[in-house]
Amino acid sequence: MEKRYLVGVVLLVLMAALLIWGLPGASEQDSPADTATDTAGARVSEPARPGLADTAGYDHYRQRASELGPMPTSLSGTSVDGDLQVSANGDLLINPAIRQVFDYFLTALGEESLEDIQARLAGYLSDQLPPQAARQAWALYEQYMALRDAMEQLPEHDGSVTAMRAAISQRHDMQQAYLGPEVADAFYGLDMTYDRYMIERQALLEDADLSPAEREQQLANLEQSLPQGMQQMLHDTRAPVKLEQRTQALREQGASEAEIRALREQTFGAQAAERFEALEQQRQEWDQRYGAYRQQREQLINSGLSHTDQQVALARLQQQLFEENELARVQALDRMHAQTP
């Protein structure tokens with residue numbers, strides 16, 4: 001359950017980053033149209049830190065872009081995230097799309113080298129932007145990568161509210177130092193808002209001095225302090241969980257599958273109800289296969305074979321019962337079972 005919770009949190013953060021383009025009711029700097037007319041009066045003319053604005057590498061990678069082969073598999077058939085904008089003077093306008101473009105190409109790390117990724121990015125900037133704006137975008141990319149490298153060196157915190165508050169403050173300071181306030185807010189503003197919300201939410205959950213009613217009220221107040229778009233995001237991401245809880249309760253009360261289907265259609269519509277049913281069938285099929293595997297696995301472990309022979313037999317069993325792309329999940333579940341008392 002802890003791993004599912006962590007995955008849920010990561011998905012929330014990713015969805016929040018996407019919503020930064022159009023949060024209803026958010027401040028003016030959260031609107032792409034307003035960004036183009038107001039905040040992107042913030043132009044990239046000087047780097048936030050000396051030494052990071054040298055764009056000689058841009059020319060090298062731009063020339064190399066013509067030598068590249070097809071896009072990596074993960075990006076093949078996709079469109080670049082983010083709509084880069086320029087001012088009437090040809091300057092790059094600051095908005096969240098710049099980071100989205102950088103991250104789009106960087107998602108291919110592991111499939112191809114950073115050198116090739118940077119060549120693809122330079123080629124894209126050259127195609128999409130006038131020369132001045134393209135160089136400004138490349139300068140920002142170098143600052144962005146320097147920031148990423150620096151943040152990867154930050155030590156782990158102990159998970160306490162105090163430590164998490166210190167960690168987020170440190171990240172915020174680094175973002176401001178490497179990128180400058182305007183760019184840091186465009187790149188990370190919504191992420192920072194969400195992180196702070198989650199930390200303060202955890203503090204309320206851990207506050208033993210609050211009664212249940214007081215805690216619920218303060219949690220509600222905290223959520224209402226968020227931008228309207230983020231509130232909607234939280235509501236939308238909780239809806240499937242609440243639906244699953246209601247579905248389980250109805251089944252325990254003896255509800256028919258037709259009644260379950262009606263609830264799903266009422267909540268999310270007919271097409272979504274069909275997807276829920278398909279996912280449920282897939283989950284049931286997986287549970288059955290994994291359950292059968294666990295039984296055979298226990299028999300192998302108790303068979304008296306040597307450790308080496310057991311490992312060989314287990315690997316063979318996994319390959320017989322699961323597809324290649326399922327093996328990592330099987331092995332992760334096995335490790336979880338091994339750690340459970």
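Residues to consider are L210, L226, L222; find the one that is hydrophobic (A, V, I, L, M, F, W, C), open to solvent by less than 40 Å² (accessible area, probe 1.4 Å), more than 28 Å from L154 (Cα to Cα) and under 24 Å from the mean Cα position of the chain (by Cα). Outline the logic, then answer.
Working: L210 fails: under 24 Å from the mean Cα position of the chain (by Cα); L226 fails: more than 28 Å from L154 (Cα to Cα).
After ruling out the rest, the residue left standing is L222.
Could you tell me whether segment 93-101 includes any residue that is assigned to a loop (DSSP other than H, G, I, E, B), over 20 Å from the mean Cα position of the chain (by Cα) and within 20 Å of V183 (Cβ to Cβ)? Yes, because at least one residue in segment 93-101 is assigned to a loop (DSSP other than H, G, I, E, B), over 20 Å from the mean Cα position of the chain (by Cα) and within 20 Å of V183 (Cβ to Cβ). For segment 176-207, the set of residues classified as buried (at least 19 other Cβ atoms within 10 Å of the Cβ) and farther than 25 Å from Q231 by Cα consists of Y178, L179, G180, listed by residue number. Of all residues in segment 275-315, those being closer than 22 Å to A328 by Cβ, under 31 Å from the mean Cα position of the chain (by Cα) and either touching a residue at least 40 places away in the same chain (Cβ under 8 Å) or open to solvent by less than 50 Å² (accessible area, probe 1.4 Å) (or both) number 3.
Scanning segment 185-225 for residues that are in contact with a helix residue (DSSP H, G or I) (Cβ under 9 Å, 6 or more places away or on another chain), among the aliphatic types (A, V, I, L, M) and free of Cβ contacts under 8 Å to residues at least 40 places away in the same chain yields M192, I199, L204, L205, L210, L219, L222. Applying the condition of being in a loop (DSSP other than H, G, I, E, B) and touching a Phe, Trp or Tyr at 6+ places or on another chain (Cβ under 7 Å) to segment 33-81 and asking which residue is modelled with the highest pLDDT yields V80.
Could you identify the single residue in S126, S79, S113 that is open to solvent by 80 Å² or more (accessible area, probe 1.4 Å), of a type outside the set (A, V, I, L, M, F, W, C) and farther than 18 Å from E182 by Cβ?
Values: S126 fails: open to solvent by 80 Å² or more (accessible area, probe 1.4 Å); S113 fails: open to solvent by 80 Å² or more (accessible area, probe 1.4 Å).
So the residue among S126, S79, S113 that is open to solvent by 80 Å² or more (accessible area, probe 1.4 Å), of a type outside the set (A, V, I, L, M, F, W, C) and farther than 18 Å from E182 by Cβ is S79.
For A249, the stated conditions do not hold, so it cannot be described as farther than 29 Å from E223 by Cβ, open to solvent by less than 80 Å² (accessible area, probe 1.4 Å) and over 27 Å from the mean Cα position of the chain (by Cα).
The values are calculated or read from the model by the stated rules, or taken from the named source; none is laboratory data. As the structure is a computational prediction, the values presented were derived from the model and not from experiment. Every residue, glycine as well, gets a Cβ built from its backbone with ideal geometry; the counts of neighbours run over all protein chains shown. Just so you know, the surface numbers come from the protein's heavy atoms only, side chains and all, with ligands and any DNA or RNA stripped out. Shrake-Rupley method; radii C 1.70, N 1.55, O 1.52, S 1.80 Å.
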